[in-house]
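To keep things clear, I will list the structure first and then write my remarks on it.
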């Protein structure tokens, strides 16, 4: 094989690598600008104990998604697509990234979606605090009603002391459907998906 053929093959391989890294990955088909999810939230930690929590995707690049989060404040979150790690956080125009990626939170795993190639017994990391990775185990697969539709969901559980967290995630998309936090069998936090254009 002569040097011209080797150069041509090298250019083709390099071009394929560049294109793969520039174009958005299609592994998560619903991860695109304009998709949103709204949750009805009950939280006993705040004076306003019931509110609507909304996430909307603003943009997607090959490795990052930018999400607008409207809650009691306005957040813009930059999340790594593959690892689901929070890269940057802006709240009401102020950069609060260091509150998340430095102690006490070394690395924050975004909780809105999980991988979909899972089985009962697998574990998912949702965040890392002071070097201790909190893992949630898939304990079951059950049906959850969302906006009048039944969705098959992974059920994730974790227990730390008196606290118990349970999350229900859509098996097809990985999207969070429902979340519950109990302390000594009393519900402290509950979040239910009420509206989305993802499915």
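The values are calculated or read from the model by the stated rules, or taken from the named source; none is laboratory data. Source: prediction; values computed, not measured. Cβ atoms come from the backbone with ideal geometry, glycine included; neighbour counts cover every protein chain shown.
Residues are listed down the side, and each one gets a yes or a no for (1) closer than 25 Å to residue 198 by Cα; (2) modelled with pLDDT of 90 or more; (3) exposed (fewer than 15 other Cβ atoms within 10 Å of the Cβ); (4) in contact with a helix residue (DSSP H, G or I) (Cβ under 8 Å, 6 or more places away or on another chain):
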residue: 24; (1), (2), (3), (4): yes, no, no, no
residue: 49; (1), (2), (3), (4): no, no, yes, no
residue: 75; (1), (2), (3), (4): yes, no, no, no
residue: 83; (1), (2), (3), (4): yes, no, yes, no
residue: 89; (1), (2), (3), (4): yes, no, no, yes
residue: 100; (1), (2), (3), (4): no, no, no, no
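Applying the selection to the stretch 64-88, what residues are assigned to a loop (DSSP other than H, G, I, E, B) and at negative phi?
Of the residues in the stretch 64-88, the ones assigned to a loop (DSSP other than H, G, I, E, B) are 71-73, 81-84.
71, 72, 73, 81, 82, 83, listed by residue number.
Quick check: anything in the stretch 102-118 outside any strand (DSSP E or B), at pLDDT below 90, under 22 Å from residue 42 (Cα atoms) and under 14 Å from the mean Cα position of the chain (by Cα)?
Scanning the stretch 102-118 turns up at least one residue that is outside any strand (DSSP E or B), at pLDDT below 90, under 22 Å from residue 42 (Cα atoms) and under 14 Å from the mean Cα position of the chain (by Cα).
In the stretch 165-187, what count of residues is obtained for those that are surrounded by 15 or more Cβ atoms within 10 Å (Cβ to Cβ) and either without any contact (Cβ under 8 Å) to a residue 12 or more places away in the chain or assigned to a strand (DSSP E or B) (or both)?
14
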